[in-house]
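Peer 1: I'd like to ask you about the structure that follows.
Computed from the coordinates by the stated procedures, all read-outs in this text should not be read as laboratory data. Here the structure is a predicted model, which is why all the values come from computation and not from measurement. Because the Cβ atoms are built from the backbone with ideal geometry, glycine has one as well, and the counts that use them run over all protein chains shown.
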Amino acid sequence: MKRTMKLAVLATFLLVALVVVGCAKEEPKAAAAVATPQPMATVEASTSGFKDGIYFAMGDEFASSGWKETVTLTVSGGKITKADWNGVNIAGGADKKAYDKAGKYNMVKFGKAQADWAVQAERAEKHLIATQDPTAITYKDAEGHTDDIAGVSVHVDSFFKLAEKALAAGPVGRGSYADGAYFAIDEQFASSGWKEYVSLTVVNGRIAAINWSGVNRTGDDKKAFDAAGNYNMVKFGKAQDEWSVQATRTENHLIETQDLKAITYSDNEGHTDDIAGVSIHVNGMYALVEKALAAGVRELGPYADGTYYASQDDFASNGWKSFVSLYVHNGNIVQAYYSGVNAAGEDKQVFASEGKYGMIKASKVGKEWHEQAQATEAYLIETQDPKKIRFTKTDGITDDIAGVSMNVGDFFSLATKALAAGPKK
């Protein structure tokens, strides 16, 4: 019996050996592949096609709505782990998501949408993260709407196309600036009558939008003033293009280089040969951008952007008719001008600065009228509310503003009137 069992075991062993040898002879490649397995993580990363890093893409032009869309993607472990669909405005200031979340875009209120833009954008982002493929979307019309994402009625084609563009370009990393809105304005009006300003929007650490413009004493915006045919650099200055066109080219140069030092000036006036089609001096813009970035991110304020103006109906007994112009950007009062005009059309601040008004002789604080007016303007810009002022008497005298002893009641009442009327059309 024992012998029979030993023979049976030996026969089984020989049979298994023959099968193994036979298989090895028939499939040598398969055996080699099994002998050197690849780690699972390496296989997943290689089949995804995405290299780890941060990807970014932005639209080429601003849409008629004034917005230019942006997409930022984060890839980790070969997969898209974060997506940000956003936008920047032609005027600079807050990005589209921040603007919407502050209640200023109002797609639900005014467009009867099922959800506000930021909410729908986040749903589109989640769809991309789930599919890992910006082409895995179907559109039901030429405008780029889709039925693939529940709760999304906005057109989403720009988001997925920008995501595809960003992934094709490869990781670009993150820029060096903090995301948000930045602003800076000149301290004084130039001899031309304009006080220039810059507004920036930073997305993914990169300057994504710049608006270089200016405001005059009556609250006109320089770019809009020029676009309306009122500046006329070509007609009267024989320039190669109007100011607003050259300003836009200068903005685009900085957005492309992302470097405040990547500009050389051909003279002391700040002209440059670095930007094709630009003959205006550009050093003012670069200085203001540097100032804005150094000042830090500015929060979005409560007011509607634009220029505001209010004037007294009649000339006062002293021969002047007071007026106030305000400029609001990113929801904040960033410029205020308090002055007046006489029957000859002279500006009261200019008149006083030329020594013609003579208030300083009787001033309790040793300040001329225009100096006290400018201190009053600065107080409003600091408080952001014309009602945050206390008067000691009914004649508009206040102790709230250092260096001001004159009647400023008309300034605050006109500022309140201007803001209530809304931005100038």
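Peer 1: Return the subset of LYS109/LYS424; LYS51/LYS126; LYS79/LYS261 for which the Cα-Cα distance in this structure is over 28 Å, preserving the input order.
Peer 2: From LYS109/LYS424; LYS51/LYS126; LYS79/LYS261, over 28 Å: LYS79/LYS261.
Peer 1: For the chain, with a Gaussian network of springs between Cα atoms less than 10 Å apart, report the residue from ALA343, ALA166, ALA181 with the top mean-square fluctuation.
Peer 2: Highest fluctuation among the options: ALA343.
Peer 1: Taking 41 Å as R0, compute the FRET efficiency from the Cβ-Cβ separation of ALA287 and LYS140 and round it to 0.05.
Peer 2: 0.25
Peer 1: Taking a cut-off of 29 Å between Cα atoms, list the lysines near LYS238, but don't count ones fewer than 8 places away on the same chain.
Peer 2: The qualifying lysines are LYS195, LYS222, LYS223.
Peer 1: Pick out which of ALA163, ALA362, ALA294 has the largest mean-square fluctuation in a Gaussian network model of the chain, springs linking Cα atoms closer than 10 Å.
Peer 2: Evaluated over the chain, the most mobile residue of the options is ALA362.
Peer 1: I've got another one for you. Along the positive direction of the dipole of the chain (beta-carbon charges: Lys, Arg +1; Asp, Glu -1; about the Cα centre), which of PHE110, SER244, VAL324 reaches farthest?
Peer 2: Working it through, the farthest residue towards the positive pole turns out to be PHE110.
Peer 1: Here's a follow-up. Which length gain, in nm to one decimal place, applies between LYS82 and LYS101 when the Cα-Cα distance is subtracted from 0.36 nm times their residue separation?
Peer 2: Between LYS82 and LYS101, full extension yields 4.9 nm more.
Peer 1: To make sure I understand the rule: partners must be lysines, Cα under 19 Å from the Cα of LYS364, and not fewer than 8 residues away in the same chain. Which ones qualify?
Peer 2: Result set, ordered by chain and number: LYS356, LYS393.
Peer 1: Assigning unit charges at the beta carbon (Lys, Arg +1; Asp, Glu -1) and nothing else, what dipole magnitude in debye, to the nearest 20, does the range 306-421 show about its Cα centre?
Peer 2: Dipole size: approximately 200 debye.
Peer 1: Ok, one more. Among VAL297, VAL341, VAL328, whose mean-square fluctuation peaks in a Gaussian network model of the chain (Cα, cutoff 10 Å)?
Peer 2: VAL341
Peer 1: Which value, in debye to the nearest 20, gives the size of the charge dipole of the chain about its Cα centre, when Lys and Arg are +1 and Asp and Glu are -1 at the Cβ?
Peer 2: Numbers: 45 positive and 53 negative charges, 332 e Å.
The dipole of the chain has a size of about 1600 debye.
Peer 1: Using +1 at the Cβ of each Lys and Arg and -1 at the Cβ of each Asp and Glu in the chain, identify which of VAL408, ASN230, VAL350 lies farthest towards the dipole's positive end.
Peer 2: Toward the positive end, the furthest listed residue is VAL408.
Peer 1: Modelled label-to-label distance, PHE62 and ALA169, 7 Å Cα→beta-carbon offset: nm?
Peer 2: With each label placed 7 Å out from Cα toward Cβ, I get 2.0 nm.
Peer 1: Would you please give the residues with an amide H less than 5 Å from that of GLY93, counting only those at least 5 places away or on a separate chain, with H modeled from the backbone geometry?
Peer 2: Long-range HN contacts for GLY93: TYR182, LEU200, THR201.
Peer 1: Still on this structure, please answer the following. Report, in debye and to the nearest 20, how large the dipole of the range 141-222 comes out about its Cα centre when Lys and Arg carry +1 and Asp and Glu carry -1 on their Cβ.
Peer 2: In total the dipole reaches around 440 debye.
Peer 1: Within the range 61-82, which residues have the backbone N less than 11 Å from the label spot 7 Å out from ILE255 along Cα→beta-carbon, could you tell me?
Peer 2: From the range 61-82, the list is 61-63, 67-70.
Peer 1: Which helices pass in the chain if a helix is a full DSSP H run, must span at least 24 angstrom along its long axis by Cα, and must have mean Kyte-Doolittle hydropathy not below -1.0?
Peer 2: Qualifying helices, which must be both long enough and hydrophobic enough, are 2-26.
Peer 1: What distance in nm separates the two pseudo spin-label positions at ALA294 and ASP133, each 7 Å out from Cα along the beta-carbon direction?
Peer 2: Placing both labels 7 Å along Cα→Cβ, they lie 5.2 nm apart.
Peer 1: Using each residue's phi in the range 384-396, evaluate 6.51 cos²θ - 1.76 cosθ + 1.60 at θ = phi - 60° and report the 3J(HN,Hα) Karplus result to the nearest Hz, with x for Gly and Pro.
Peer 2: Result, ordered by residue: 6, 8, x, 8, 8, 8, 10, 9, 7, 9, 6, 8, x Hz.
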